[in-house]
Amino acid sequence: MLFFYKVFLHIYYFFIYFFAIKNAKAHKWIEGRKNIKSRIAELGIKNCIWFHASSLGEFEQISYLIETIRKNYPDEKLLVSFFSPSGYEVRKNFKYADHVMYLPFDFESDVRLFIETIQPKLVFWVRYEFWLNMLSILKIKEIPIILLNGVFRSKTSMLYQPYLKKCLACFTEIGVINQNSKLNLEKLGFASTVIEDTRYGRMQQIVQTPFEDDVIQHFANYEKVVICGSIWPNDDRIIGDKIISSSHIQWILVPHEVHLSRVQELQDQFPGAQRYSQYDFSKRTNILIIDTIGILSRLYRYADVAYVGGGFDKVVHSLIEPMAYSLPIIIGKNIEKSEEAKEYVRLNFVIQVFSSYEFNNALDSFLYKNQAEARLNKREYFMDRIHSMDTILQIVAKYSALR
């Protein structure tokens, strides 16, 4: 297996290097790892607690955890690494970390130098993206590795299973988000602990933090507000007719990818819309396109209903953010890869739609029927799941005391 893994790594790197010629994201990936050995040698951080997140979505699951550890352990050195530019470029100045960097690619010599340089006392790995050389060397050096927010499904490719098992065997403790993942992991021969998804605690902090925005408050100062978050072009086709025909509703559209071509695409479909960054307070509009990143989780507090996108592409996006505000939520059809979506459908916390006609009916139902009891049930469910931080801090205390 090790021989084939080494071949895979070189092929993987070659393809990224090739795509970097024209692809900006791949170019940043390559640039972030140039002269990696000299960069590692110059790292001024040692004996640290290290957090690794694949990209921005995974990082947001632990940002509040890092902030909490910083406050509880002010003398500890904290390192954050990213695999993807989508995380590093946005959070490279994260103030609660002593250092933020790209994860060295999993070539054994680079990985060994990195680990021997930073000498981490404890490692937190978020959700997935398992790199065998990195994990194996950490295990050999007896450095505790904790997996957080693990998700394991009932079906795992037979080709992937041997590799997955080798990686999982390197973890000191495995935290999974629910009982289903725990049972699926047991079938692979590994024990785990159910630790509620850290995003619940993070979102509770966001809900409790005051947020004021002159643009949003001016725009939302009407009767009904619907936020369509993390939407893709396929979502536009489902929700578009309702947006155009419902001038009495204030629509806030948040594209999943906030780049100029995507924002322009929405502007072309909804000509009367304003952009957040160019908002004109003197103009009356009922459609606002958010063309900046990082505020969606706070915007939901202004909504009466949320539509969460992605369900007409690969998978619906995170539902924990609108759940934090106990909102009525509408989602699309593709939920198989989202544990929270499947759970929320089972509990009737969301309405799943398969067409624009069903979207129209679901929205009208949410807007014009009393939601008080449903919102109370959602709030109770949410509050039962915000205590993962206490469990993780106990883990930090345990392993910090040993080293």
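The values are calculated or read from the model by the stated rules, or taken from the named source; none is laboratory data. Since the model is a prediction, treat every value here as computed from it, not as a measurement. All Cβ positions, even for glycine, are placed from backbone atoms using ideal geometry, and neighbour counts span all protein chains on display.
Do we find that L135 is within 30 Å of N180 (Cβ to Cβ), modelled with pLDDT under 95 and aliphatic (A, V, I, L, M) in this structure? Against the criterion (within 30 Å of N180 (Cβ to Cβ), modelled with pLDDT under 95 and aliphatic (A, V, I, L, M)), L135 does not qualify. A Cβ distance below 7 Å, combined with a sequence gap of six or more or placement on separate chains, defines the contacts here; from the stretch 101-112, residues that are crowded, with 19+ Cβ neighbours inside 10 Å reach residues that are among the acidic types (D, E) in the pairs P104/D110.
Residues in the stretch 64-96 that are among the hydroxyl-bearing types (S, T, Y), in a loop (DSSP other than H, G, I, E, B) and over 24 Å from W29 (Cα atoms): Y73 only.
Residues that are at pLDDT below 90, among the β-branched types (V, I, T) and over 19 Å from the mean Cα position of the chain (by Cα) do not occur anywhere in the stretch 48-62. On the given criteria, is A324 in contact with a helix residue (DSSP H, G or I) (Cβ under 8 Å, 6 or more places away or on another chain), closer than 18 Å to F219 by Cβ, buried (at least 17 other Cβ atoms within 10 Å of the Cβ) and among the small types (G, A, S)? No. Looking only at residues in the stretch 98-128 that are among the β-branched types (V, I, T) and in a strand (DSSP E or B), the one that is nearest to Q394 (Cα to Cα) is V123. Among the residues of the stretch 89-100, just one is buried (at least 16 other Cβ atoms within 10 Å of the Cβ) and in contact (Cβ under 8 Å) with a residue 60 or more places away in the chain, namely V90. The requirement of being crowded, with 16+ Cβ neighbours inside 10 Å, assigned to a strand (DSSP E or B), at pLDDT 90 or above and not assigned by TED's automatic domain parsing to the domain that holds P144 is fulfilled nowhere in the stretch 380-395; no residue meets it.
Filter the stretch 13-36 down to the residues that are touching a Phe, Trp or Tyr at 6+ places or on another chain (Cβ under 9 Å) and within 18 Å of V111 (Cβ to Cβ) and list them by number. Result: Y13, I16, W29, I30, G32, R33, I36. For S355, indicate whether it is more than 24 Å from Q274 (Cα to Cα), buried (at least 22 other Cβ atoms within 10 Å of the Cβ), among the polar types (S, T, N, Q) and out of contact with any Cys (no Cβ under 7 Å at 6 or more places or on another chain). For S355, the condition - more than 24 Å from Q274 (Cα to Cα), buried (at least 22 other Cβ atoms within 10 Å of the Cβ), among the polar types (S, T, N, Q) and out of contact with any Cys (no Cβ under 7 Å at 6 or more places or on another chain) - is not met. The set of residues in the stretch 305-335 that are over 17 Å from the mean Cα position of the chain (by Cα) and more than 19 Å from S356 (Cα to Cα) comprises Y325, S326, L327.
Taking the stated definitions as given, is F152 at pLDDT 95 or above, within 22 Å of N178 (Cα to Cα) and either surrounded by fewer than 21 Cβ atoms within 10 Å (Cβ to Cβ) or not polar (S, T, N, Q) (or both)?
So F152 does not fit the description; no.
Checking the stated criteria, D98 turns out to be in the same structural domain as L135 (by TED's automatic domain parsing), modelled with pLDDT of 90 or more and in contact with a strand residue (DSSP E or B) (Cβ under 7 Å, 6 or more places away or on another chain).
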